[in-house]
1. What angle do you read, to the nearest 10 degrees and between 0 and 90, between the alpha-carbon axis of helix 219-247 and the longest principal axis of the chain?
2. Using θ = phi - 60° and the Karplus form 6.51 cos²θ - 1.76 cosθ + 1.60, what ³J(HN,Hα) does each residue of the range 107-113 get, whole Hz, x for Gly and Pro?
3. Using only Cα atoms, locate the centre of the range 34-55 and the centre of the range 166-233, then give the distance between them in Å, rounded to an integer.
4. Using Cα springs under 10 Å in a Gaussian network model of the chain, which residue among Glu144, Glu78, Glu99 shows the largest mean-square fluctuation?
5. Hey, how many Å between the Cα centroid of the range 99-147 and the Cα centroid of the range 56-78?
6. What value, in deg cm²/dmol to 500, does the helix sum -39500 (n - 2.57) over DSSP H runs of n ≥ 4 give at 222 nm once divided by the residues of the chain?
7. Quick check: convex hull over the Cα atoms of the range 48-203, volume per residue in Å³, rounded to an integer?
8. What is the set of long-range amide H partners of Gln178 at a cut-off below 5 Å, with H atoms built 1.01 Å from backbone N?
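Bear in mind these aren't lab numbers, they're just calculated from the coordinates by the rules spelled out. Being a predicted model, the structure only gives us computed values, none of them experimental. When we count neighbours, we look across all protein chains shown, and the Cβ atoms used for this are built from the backbone with ideal geometry, even at glycine.
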Amino acid sequence: MRKFVLGAALALTLGAGTAFAAEAPKPPAQAWSFNGVFGTFDRAALRRGLQVYTEVCAACHSLGLVYYRHLQSIGFSEEEIKAVAREFEVEDGPNDDGEMFTRPAKPTDPFASPFPNDQAARAANAGAFPPDLSVMTKARKGGEDYLHAVLVGYRDEAPAGVEVMEGLFFNEYFPGHQIAMPPPLADDAVEYADGTKATVQQMSMDVTTFLAWAAEPTMEDRKRLGIKTLLFLLVLTAMLYALKRKVWSDVH
């Protein structure tokens, strides 16, 4: 399965010398459904993004701050959540013999980690540690745009005059343009359950939407509360202004 190492490649490549001095262009801004005061997550995109994560990203990356039960907030039924969780094994125990054991994940478990420990993760990825993706879109301003740009920014050939170091790949939007992570996405890498064409562009948008939700699953509740608070303050301000005029009406 394709490796999906996003942040680990940064630490691996930034120390490679002056070849990484080139400045990457600003990622193009995307029309994310969840942007803005009234923005919400596209439920269909979230489902597709979860599919991309589980079939591509989960081979290397954990999502340790998100629990399977949280999927209920984006429209998954209890049975669907159980089915998603059962696809992964988690360590549990000790049992009556004092030994640890593995079992299928449950809705009450956090998303399963692909590796038992950090050392195993590094050993499987040529020394690079695949970071947890729970808050990946919050790692920098405009994180959603940057993540999407990197995922679609691979080029088969570097521009003339640019020499790509051995073991690295040219990426238009990665700092220095050279990245250790192989292209994680390819057309038709997954078969979407809803029949959507699985292009690199589509998969990148979907998995980025899913990771944006993972980083802030209560965003919609926060926005709703904020709107209610603003409406309350507007009404309260109008009432206080009317009261002030009433109290001071006899003075003039």
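1. Roughly 20 degrees between the two axes.
2. My calculation for the range 107-113 gives x, 7, 8, x, 3, 5, 7 Hz in order.
3. 8 Å
4. Among Glu144, Glu78, Glu99, the largest mean-square fluctuation in the Gaussian network model of the chain belongs to Glu99.
5. 12 Å
6. After summing the helix terms and dividing by the residues of the chain, the value is -11500 deg cm²/dmol.
7. Output value, Cα hull per residue: 136 Å³.
8. Asn171
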